[in-house]
Amino acid sequence: MADNNGTRTLLTIICEAVLETRLLHDLESLGAPGWTVSDARGRGSRGIRTAGWDNDGNVRVEVVCARELAVKLSEHVQQHFYQDYAMICFLTPVEVLRPHKF
Amino acid sequence: MADNNGTRTLLTIICEAVLETRLLHDLESLGAPGWTVSDARGRGSRGIRTAGWDNDGNVRVEVVCARELAVKLSEHVQQHFYQDYAMICFLTPVEVLRPHKF
Amino acid sequence: MADNNGTRTLLTIICEAVLETRLLHDLESLGAPGWTVSDARGRGSRGIRTAGWDNDGNVRVEVVCARELAVKLSEHVQQHFYQDYAMICFLTPVEVLRPHKF
Amino acid sequence: MGWDPVVLFFVFGVVAGLLRSELKLPPALYETLSILLLLAIGLHGGVELAAQASPALVGQMLLVLVMGVVLPLIAFPLLRALRFGRVDAASVAAHYGSVSAGTFAVVVAYMLAEGVFFESYMPLFVAILEIPAILVGIVLARGLSTTTNWSELGREIFLGKSIVLLLGGLLIGVLAGKEAVAPLEPLYTSMFAPVLALFLLEMGLIASRHMGSLRESGLRLAIFALVMPWVGAAVGLGFATLMGLSVGGAAMLATLGASASYIAVPAAMRLALPEANPSLSLGASLGITFPFNIIFGIPLYLQAAQWLQAGV
Amino acid sequence: MGWDPVVLFFVFGVVAGLLRSELKLPPALYETLSILLLLAIGLHGGVELAAQASPALVGQMLLVLVMGVVLPLIAFPLLRALRFGRVDAASVAAHYGSVSAGTFAVVVAYMLAEGVFFESYMPLFVAILEIPAILVGIVLARGLSTTTNWSELGREIFLGKSIVLLLGGLLIGVLAGKEAVAPLEPLYTSMFAPVLALFLLEMGLIASRHMGSLRESGLRLAIFALVMPWVGAAVGLGFATLMGLSVGGAAMLATLGASASYIAVPAAMRLALPEANPSLSLGASLGITFPFNIIFGIPLYLQAAQWLQAGV
Amino acid sequence: MGWDPVVLFFVFGVVAGLLRSELKLPPALYETLSILLLLAIGLHGGVELAAQASPALVGQMLLVLVMGVVLPLIAFPLLRALRFGRVDAASVAAHYGSVSAGTFAVVVAYMLAEGVFFESYMPLFVAILEIPAILVGIVLARGLSTTTNWSELGREIFLGKSIVLLLGGLLIGVLAGKEAVAPLEPLYTSMFAPVLALFLLEMGLIASRHMGSLRESGLRLAIFALVMPWVGAAVGLGFATLMGLSVGGAAMLATLGASASYIAVPAAMRLALPEANPSLSLGASLGITFPFNIIFGIPLYLQAAQWLQAGV
Ligand SMILES: Nc1ncnc2c1ncn2[C@@H]1O[C@H](COP(=O)(O)O)[C@@H](O)[C@H]1O
Ligand SMILES: Nc1ncnc2c1ncn2[C@@H]1O[C@H](COP(=O)(O)O)[C@@H](O)[C@H]1O
Ligand SMILES: Nc1ncnc2c1ncn2[C@@H]1O[C@H](COP(=O)(O)O)[C@@H](O)[C@H]1O
Ligand code: NA
Ligand code: NA
Ligand code: NA
């Protein structure tokens, strides 16, 4: 699938932590080959999220995959979560080793 | 403002945690549309920063914005903090959904 | 060394936390000018790594350096760790301030 | 006797927060404290429950369940009358129909300090009261629509952290019994007040932020947040009379009625009614009702329970 | 007397995990609990050691060292007979030849609750037993090859967290003595059971995940994980007899023999034998052997030690 | 009586650090421990202050304030004489003019263990001593220049974590009084030594890293770090005599004079004098002065205070 020369796309999603389980479930069922999550805090159009306690943190989710899939994932996310949740997402082209992994 | 086709710039700043409040204040007053912060540790020209305790960690600050603003922010940071604080910063072009957010 | 116009390469390595000490030691002896580490969790071909306890977390290591070095580092990592450890790595071109730092 | 130091820790947190001090507690500490509180409350309740269980308890549990359905049904029209939108009103009603374990911990400490007897299985009622209001809130917002994924939602609600910890503690207490639990007693004796004090310090810091956000959401919300505790307390006293609780138990059920959730329900609402504005519920519950209850409410509710019992 | 509440906390964690509840403990809390347990065990042992040290102890320590070499040498052929590959068999053998400090904490709490006397310097044996099996495991996998970086590996093993904490605590206890350590006693008296209970709650949550992963690795592994504790316990009882330990001490050495590491050894194996599949060892040790030992094993081993002593 | 186990925990941390063991405490635990220590010290002081407050206290507070101004003014020329640059000298002087709450916790534990009486409102002096040296240090580096943003800086200093916790604890203690604070007593009784021991373990790990960095900054710094405690202690004893403190109080004020900040001041200096080299101050304060004080200094200062009082 996709190009084979080692170029892939990194999809980065930053959103409220409460979404984590649901978001990862969706990513998985849409075919994401893997993901990495770390905790974060931030400020955006929906105000400050300080990560001081349970309901107030962000997560930073990264998926490396083929560009088509990254676009599909980001569109899904945009349709289902963008309106009601604090969230941003962006795409970056990356060069990978062992492209067959992704 | 800026280009409208969904291309923006991701500014990543990694610096000592003690700067966090001041740095975010400056970013905000210079017009950053938002930011994401996560905790980190590292090594650079100013030695090892292990994040083992209060005075010894780094933060990783990300701002997605128009390229002009990213350059302005990074130049401000460079002028005000680079000399005296452990800090690096770099720019990456990214593709965003809903570009009007940034 | 390398190009001088401020373009460098960001090498991102995501791997099991148990490797941290050994990996950083190798990066340093191969000449990495610095590194940044943050904690993460994730899923990949080797299953879920929830970071719930000691043996089960990932780290996210970033090195900004010249492209040749980034390639060298990633090849070393690939040869020594890829087969037996949960790990991915990818390269992104970035624009840096004060290129002489890297 | 001076001020209650546990409450002063809350005030301290609020003041430090309003002055924008650098003070913040590590998130892992906050999580640890709330886990300890919930486990301690559950365990203590379970140990006593094992000693006092009676058939009457089943009836009481059913009444508490009804109370959990009634409360949001009272709060909702009140909120609509204050011209909140349907979904926001439903979400806030769910918060106020449910309970705050933090407030419960304070009322436990208060009753112990005052030497007032109460039915020791009250933690069971906390667990029962947590859930129905959430379901009622969703139905108020959505109707009995089919788009809600009830099975997933049910899992998220029933297996949420606070219910699992409360019920887990309860069950362990019941199964092990007082004698065997003895080595764990520090959790609800010597360690309880220190843990609660630190927890309230953090709650104060968090509340101070939500007080700021109240300025935006304005007067209508503040009115609700100050009126509803009285209503909830009255409902609680009413049910306590039906259930035949002691004075202490009645005051505690009143406190539960008056309290609003700020842990379990916000998370559930965020997933079930995402279009509801979370800062409305949290501003009201954390910024106004929680401080009101722990500073003024609890002594008031105890007094009311005493009058009521004396009058009967 | 009811169920042991400390064990119930483990069961609670397993059940919550299997039901996929939202409950999770912050990683920093888990780390803190294991640090507290290891320090408390070491400190307590050191304080008593200072009072009871005798020349005989040196001989006992040597025997324990031998036991740490013997155990993986028994486990390895057993695993090979069950058709595990060489490296995997060596890695699992290292886990079972070493010990689990968590299991040791449970057996300490059990002996105290049952009022059974035991040699108070047992923590010393825990520290001694941790290491040899790791080295034996590596040699079983690699032979005495030169590719292993023994000096780096030695540092990683001897300076690993759990050994450093155990030995550090022991030394502090010995150097300071009972009287001076008095202000720190809560670490191994009033705080010990609460810390252990929370620790086991987290272990239950973790174990539940590894139980799932067992389904893949299948029956052979489960057989080993259920058989090896009996073998290890028998070896422990044998060595205890050679060493002339009390009934309580013998039961504890049996428990140590029966227990499998899930903290120190996994980390060491990951670095020394990276091609070994870590989910095999963890599935067996955490998913089966640990629960078996703390629920059924410990009372059994005590009974066996009592019979043995009576028979002698 | 053996070694002080609390100090041994520090030594343990240093040794584990120098051996480059894998041992590290989670950052959230370190933060929690320092929060608990500061709150406990403040609360305990406040409770006693409520009982002992007297008009003389106001005079004593003023004298302590003066002491906080005098100390950096002594340290600065000493550092300049050792050929440190102006800004570095000012920054290090600020560290040594201020105090270390960790050292104070050790001296409290020491006095309690030795049964020496001391004025129980000493924590108040800790809070007072924290600040003036910071301001003096900034003026020494910059003069009374206008480029310093004093209002922002003031907020950062006065609302810094350690001062807020100390003063918050003090105020709560004063307002609540001894009887009401009783349930929180474990914070400064049974829990104090265990918390302090773990805290010192982490300080040892941190100090070991800064000892390494000392090799670079060299001999001149080591000389200052070993000489200044004697000077600071002498100044503290002098002020104690002026203030009419008891022997225990005098020894504690000497310890405060001898101690150097490693929490509040480094953060303040990093923001106010960023061009100062932070590893100089931390190397001296954490790598040399802190160990010196808790191992050798405190007993010495107590002895000096006893001689002085006897001689008067
Ligand atoms: N321009 C931005 N740059 C970096 N992170 C952002 C930006 N805008 C929003 N974020 C992050 O995304 C989260 C949600 O954004 P929002 O939905 O705009 O509130 C924020 O809490 C930030 O962590
Ligand atoms: N080449 C690099 N690659 C990645 N991170 C770096 C690099 N250099 C420095 N850093 C990070 O930036 C922080 C400050 O860098 P420095 O000012 O060079 O000490 C370090 O603690 C690292 O976290
Ligand atoms: N496609 C991916 N996108 C983002 N992160 C990944 C991906 N695949 C793997 N990872 C991360 O890399 C770690 C190791 O990957 P693996 O060796 O494939 O198990 C995982 O635990 C994830 O954190
Ligand atoms: Na309520
Ligand atoms: Na074993
Ligand atoms: Na000083």
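Among the numbered criteria (1) at pLDDT below 90; (2) among the small types (G, A, S); (3) buried (at least 22 other Cβ atoms within 10 Å of the Cβ), which single criterion is violated by F:S145?
Result: F:S145 fails condition (3) only.
Return yes when E:A40 is of a type in the set (A, V, I, L, M, F, W, C) and either surrounded by fewer than 22 Cβ atoms within 10 Å (Cβ to Cβ) or within 7 Å of another protein chain (Cβ to nearest Cβ) (or both) and no when it is not. Before you say what the answer is, go through the steps one by one.
Values: of a type in the set (A, V, I, L, M, F, W, C): yes; either surrounded by fewer than 22 Cβ atoms within 10 Å (Cβ to Cβ) or within 7 Å of another protein chain (Cβ to nearest Cβ) (or both): no.
Taking the combined requirement at face value, the residue does not satisfy it.
I'm checking my understanding of the structure. Among residues of the range F:43-58 that are open to solvent by 60 Å² or more (accessible area, probe 1.4 Å) and assigned to a helix (DSSP H, G or I), which one is nearest to F:M191 (Cα to Cα)?
Step one: of the range F:43-58, the residues open to solvent by 60 Å² or more (accessible area, probe 1.4 Å) are F:51-53, F:55-56, F:58.
Restricting the remaining residues to those that are assigned to a helix (DSSP H, G or I) gives F:51-52, F:56, F:58.
Details: F:A51: 23, F:Q52: 25, F:A56: 32, F:V58: 32 Å.
Going through the qualifying residues, I end up with F:A51.
Would the range D:64-82 turn up any residue that is of a type in the set (F, W, Y), in a helix (DSSP H, G or I) and touching a Ser or Thr at 6+ places or on another chain (Cβ under 9 Å)?
no
If you check D:L184, D:L170, D:L166, which single one turns out to be in contact with a Gly (Cβ under 6 Å, 6 or more places away or on another chain) and modelled with pLDDT of 90 or more?
Values: D:L184 fails: in contact with a Gly (Cβ under 6 Å, 6 or more places away or on another chain); D:L166 fails: modelled with pLDDT of 90 or more.
Going through D:L184, D:L170, D:L166 in turn, just one is in contact with a Gly (Cβ under 6 Å, 6 or more places away or on another chain) and modelled with pLDDT of 90 or more: D:L170.
Search the range F:249-268 for residues being at pLDDT below 90 and of a type in the set (A, V, I, L, M, F, W, C), and hand back the single one that is surrounded by the most Cβ atoms within 10 Å (Cβ to Cβ).
At the first step, the residues of the range F:249-268 found to be at pLDDT below 90 are F:262-268.
Okay, now just the ones that are also of a type in the set (A, V, I, L, M, F, W, C), so F:263-265, F:267-268.
Working: F:I263: 22, F:A264: 24, F:V265: 32, F:A267: 21, F:A268: 27.
So, considering only residues that are at pLDDT below 90 and of a type in the set (A, V, I, L, M, F, W, C), the one surrounded by the most Cβ atoms within 10 Å (Cβ to Cβ) is F:V265.
If you take the residues in the range E:270-285 that are crowded, with 22+ Cβ neighbours inside 10 Å and facing chain C (nearest Cβ under 10 Å), which one is nearest to the chain's Cα centre (by Cα)?
Step by step, filter the range E:270-285, then rank; the result is E:L282.
Out of curiosity, is A:E68 buried (at least 16 other Cβ atoms within 10 Å of the Cβ), more than 16 Å from ligand 4 (Cβ to nearest atom), modelled with pLDDT of 90 or more and of a type outside the set (S, T, Y)? Show your work before the answer.
Values: buried (at least 16 other Cβ atoms within 10 Å of the Cβ): no; more than 16 Å from ligand 4 (Cβ to nearest atom): yes; modelled with pLDDT of 90 or more: yes; of a type outside the set (S, T, Y): yes.
No, not satisfied.
How many of the residues in the range B:37-96 are free of Cβ contacts under 8 Å to residues at least 24 places away in the same chain and among the basic types (K, R)?
Total satisfying the criteria: 2.
I'm told D:I35 meets every condition in (1) β-branched (V, I, T); (2) under 16 Å from the mean Cα position of the chain (by Cα); (3) more than 10 Å from every other protein chain (Cβ to nearest Cβ) except one. Can you identify the failing condition by its number?
(3)
Quick one: in the range F:135-160, of everything that is within 14 Å of chain D (Cβ to nearest Cβ) and of a type in the set (A, V, I, L, M, F, W, C), which residue is farthest from F:G46 (Cα to Cα)? Give the steps one after another, and end with the answer.
First, pick out the residues of the range F:135-160 that are within 14 Å of chain D (Cβ to nearest Cβ): F:151-160.
Among the residues that remain, those that are also of a type in the set (A, V, I, L, M, F, W, C) are: F:153, F:157-159.
Values: F:L153: 27, F:I157: 22, F:F158: 19, F:L159: 19 Å.
The extreme case among them is F:L153.
So, in the range C:9-39, of the ones that are of a type in the set (D, E) and either more than 11 Å from the chain's Cα centre (by Cα) or more than 12 Å from chain B (Cβ to nearest Cβ) (or both), which residue ends up farthest from ligand 3 (Cβ to nearest atom)?
Filtering the range C:9-39 for residues of a type in the set (D, E) gives C:16, C:20, C:26, C:28, C:39.
Imposing the further condition that a residue be either more than 11 Å from the chain's Cα centre (by Cα) or more than 12 Å from chain B (Cβ to nearest Cβ) (or both) reduces the set to C:16, C:26, C:28, C:39.
On the way: C:E16: 7, C:D26: 18, C:E28: 22, C:D39: 11 Å.
Filtering first and then ranking leaves C:E28.
Looking at the range E:180-223 only, could you name the residues that are closer than 16 Å to E:I35 by Cα and of a type in the set (S, T, N, Q)? Full working, then the answer.
Here is the first cut: in the range E:180-223, the ones closer than 16 Å to E:I35 by Cα are E:184-189, E:191-203.
Of everything in the range E:180-223, just one residue is closer than 16 Å to E:I35 by Cα and of a type in the set (S, T, N, Q), namely E:T189.
Out of the residues in the range E:163-206 that are in contact with a Ser or Thr (Cβ under 8 Å, 6 or more places away or on another chain) and within 23 Å of E:L129 (Cα to Cα), state the one that is farthest from the other protein chains (Cβ to nearest Cβ). Spell out the reasoning first.
Within the range E:163-206, the subset in contact with a Ser or Thr (Cβ under 8 Å, 6 or more places away or on another chain) is E:164, E:186, E:190, E:199.
In the following step, the residues that additionally are within 23 Å of E:L129 (Cα to Cα) were identified as E:164, E:199.
On the way: E:V164: 5, E:F199: 11 Å.
By that ranking, first place goes to E:F199.
Between residues in the range F:106-130 that are more than 16 Å from F:L300 (Cα to Cα) and residues that are among the acidic types (D, E), which pairs lie under 8 Å by C-beta distance while being six or more apart or on different chains?
F:S120/F:E48; F:Y121/F:E48
Check F:V87, F:V116, F:V106, F:V70 and return the single one that is open to solvent by less than 10 Å² (accessible area, probe 1.4 Å) and hydrophobic (A, V, I, L, M, F, W, C). Explain how you work it out, then say what you get.
Values: F:V87 fails: open to solvent by less than 10 Å² (accessible area, probe 1.4 Å); F:V116 fails: open to solvent by less than 10 Å² (accessible area, probe 1.4 Å); F:V70 fails: open to solvent by less than 10 Å² (accessible area, probe 1.4 Å).
The unique qualifying residue is F:V106.
Does at least one position in the range A:52-70 carry a residue that is farther than 30 Å from C:H76 by Cβ and of a type in the set (F, W, Y)? Step through it out loud before you land on a result.
At the first step, the residues of the range A:52-70 found to be farther than 30 Å from C:H76 by Cβ are A:52-59, A:68.
Add one more test, that the residue is of a type in the set (F, W, Y), and what stays is A:53.
Within the range A:52-70, one or more residues are farther than 30 Å from C:H76 by Cβ and of a type in the set (F, W, Y).
Residues of the range E:189-213 being open to solvent by 20 Å² or more (accessible area, probe 1.4 Å) and more than 19 Å from D:P194 (Cα to Cα), which ones? Write out each step before concluding.
Keep residues of the range E:189-213 that are open to solvent by 20 Å² or more (accessible area, probe 1.4 Å), which gives E:189-191, E:209-213.
E:R209, E:H210, E:M211, E:G212, E:S213, listed by residue number.
Going through B:V59, B:V77 one at a time, which residue ends up being more than 25 Å from C:I13 (Cα to Cα), within 14 Å of chain F (Cβ to nearest Cβ), among the aliphatic types (A, V, I, L, M) and buried (at least 21 other Cβ atoms within 10 Å of the Cβ)? If you could, list the steps in order and put the result at the bottom.
Values: B:V59 fails: more than 25 Å from C:I13 (Cα to Cα).
Unique residue meeting the criteria: B:V77.
The values are calculated or read from the model by the stated rules, or taken from the named source; none is laboratory data. Since this is a predicted model, take the numbers as computed values, not measurements. Glycine also receives a Cβ, built like all others from the backbone with ideal geometry; neighbour counts cover every protein chain displayed. All accessible areas refer to the heavy atoms of the entire protein, side chains included, with ligands and DNA or RNA removed. Shrake-Rupley method; radii C 1.70, N 1.55, O 1.52, S 1.80 Å.
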